[in-house]
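Everything on this sheet refers to the single structure shown next.
Every read-out reported here was derived from the displayed coordinates using simple, explicitly stated rules and does not represent laboratory data. Predicted model only: the values in this text are computed from it and were never measured. Every residue, glycine as well, gets a Cβ built from its backbone with ideal geometry; the counts of neighbours run over all protein chains shown.
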Amino acid sequence: MGRRRRHDYRKKLKFTKKKIQAARKQHTSQALTCKDVDSHALLIMQSNGDWDCISFMLPYMTHKGIRDVVRCYNKKHDGKQKRAADYYV
């Protein structure tokens, strides 16, 4: 058996212009997730109870988020009952 080679960690890294430009183009995604939309809609519903304020968010929400918002709406407005299944996309 021969001797094992040791890695030299002080070795210079070579970055080409192409690699540097590709790294600059990669940005972290700032997009909202469905969970973020769910929590924001529930917060709005808890604060003012206005359905019109969250109605535009419904296509971006999960089924669980819609159920929670509808449940909160129904607690605030006893006379008007909404069903979560009517708003699933």
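Lys76 is checked against (1) in contact with a Phe, Trp or Tyr (Cβ under 9 Å, 6 or more places away or on another chain); (2) of a type outside the set (Phe, Trp, Tyr); (3) surrounded by 12 or more Cβ atoms within 10 Å (Cβ to Cβ) and fails just one. What number does that condition carry?
(1)
Which one of the conditions (1) part of a helix (DSSP H, G or I); (2) under 15 Å from the mean Cα position of the chain (by Cα) does Asp52 fail to meet, given that it meets all the rest?
(2)
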